[in-house]
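One structure below.
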Amino acid sequence: MSAGIAPPGRPAAAEIPMKFDQTSIPGCYRITCPVHEDRRGRLVKAFQESRFARQRLAIDLKEMFWTVSGENVLRGMHVQLPNPQTSPGGQAKLSYCAAGSTMNVVLDLRVGSPMFGKHDVVELSAEAGDACYMPPGVAHGFCVRRAPVVMVYCVTTEFSAELDACILWNSIGAPWPTQNPVLSDRDATSQRLEDFRSPFRFAPGR
């Protein structure tokens, strides 16, 4: 089979629509990505600028990185704070699972949002080929369901240690699959949700 030619009855990845499903968090989407499989393996398209633009999601990507996590690992809840000069609204994030499966949790930290202080669960797996878009002011964390997990992150601002914030994972009421996860020292000792003074403000329609 020639490269770029799909098997009979199956469209190529470029022809499969990218589907956006709104979560309970305003502006946060679970994205079903186009997946093409043949005897060589699979191709997953996790981002297409024109499709995001039609969804009215302006995402100017500045940095990409990934994490590799083993059994029972939990990372979160992480968010980049606003920078008045370079990113007054904060950082938007697109993440997807390139290997394994995860329970992803998104937490709304935007004052004025109808979901302020509340979370939602977005299951992501490499098999499903799905992703999650988080607008600025929405924190993110995940727990490994099937290891090893490779999570890829595309973000709209470069990482800044000074602007990096973390909410204690077990202070948000999420139904984590374990109460004894493998944590970083920082994630294990971060501030509780009720102690976080949010600099984020909700802007309807964004």
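The values are calculated or read from the model by the stated rules, or taken from the named source; none is laboratory data. This is a predicted model, so every value here is computed, not measured. As a convention, Cβ positions derive from the backbone with ideal geometry for all residues, glycine included, and neighbour counts pool all protein chains shown.
Of all the residues that make up region 97-151, how many are of a type in the set (G, A, S) and either under 11 Å from the mean Cα position of the chain (by Cα) or under 21 Å from V79 (Cβ atoms) (or both)?
The first filter runs over region 97-151 and keeps only residues of a type in the set (G, A, S), leaving 98-101, 112-113, 117, 125-126, 128-129, 131, 137, 139, 141, 147.
Checking which are either under 11 Å from the mean Cα position of the chain (by Cα) or under 21 Å from V79 (Cβ atoms) (or both) leaves us with 112-113, 117, 131, 137, 139, 141.
Summing the residues that are of a type in the set (G, A, S) and either under 11 Å from the mean Cα position of the chain (by Cα) or under 21 Å from V79 (Cβ atoms) (or both) in region 97-151 gives 7.
Within the set of pairs 6+ apart or on separate chains, which have a first residue in region 153-180 that is outside any loop (DSSP other than H, G, I, E, B), a second that is of a type in the set (S, T, Y) and surrounded by 15 or more Cβ atoms within 10 Å (Cβ to Cβ), and C-beta atoms under 7 Å apart? Pairs that qualify, where the first residue is outside any loop (DSSP other than H, G, I, E, B) and the partner is of a type in the set (S, T, Y) and surrounded by 15 or more Cβ atoms within 10 Å (Cβ to Cβ), are Y153/S95; C166/S190; I167/S190. All conditions in (1) touching a Pro at 6+ places or on another chain (Cβ under 7 Å); (2) modelled with pLDDT of 95 or more; (3) not in a strand (DSSP E or B) hold for G90, with the sole exception of (2).
Filter region 70-106 for residues that are surrounded by fewer than 22 Cβ atoms within 10 Å (Cβ to Cβ) and of a type in the set (V, I, T) and give the result. Spell out how you get there, then give the answer.
Pass one, region 70-106, residues surrounded by fewer than 22 Cβ atoms within 10 Å (Cβ to Cβ): 70-73, 78, 81-89, 98-101, 103.
Within region 70-106, V73, T86 meet the criteria.
Quick check on this structure: which one of R110, R145 is touching a residue at least 12 places away in the same chain (Cβ under 8 Å), of a type in the set (D, E, K, R) and in contact with a Lys or Arg (Cβ under 8 Å, 6 or more places away or on another chain)? If you could, list the steps in order and put the result at the bottom.
Values: R145 fails: in contact with a Lys or Arg (Cβ under 8 Å, 6 or more places away or on another chain).
So the residue among R110, R145 that is touching a residue at least 12 places away in the same chain (Cβ under 8 Å), of a type in the set (D, E, K, R) and in contact with a Lys or Arg (Cβ under 8 Å, 6 or more places away or on another chain) is R110.
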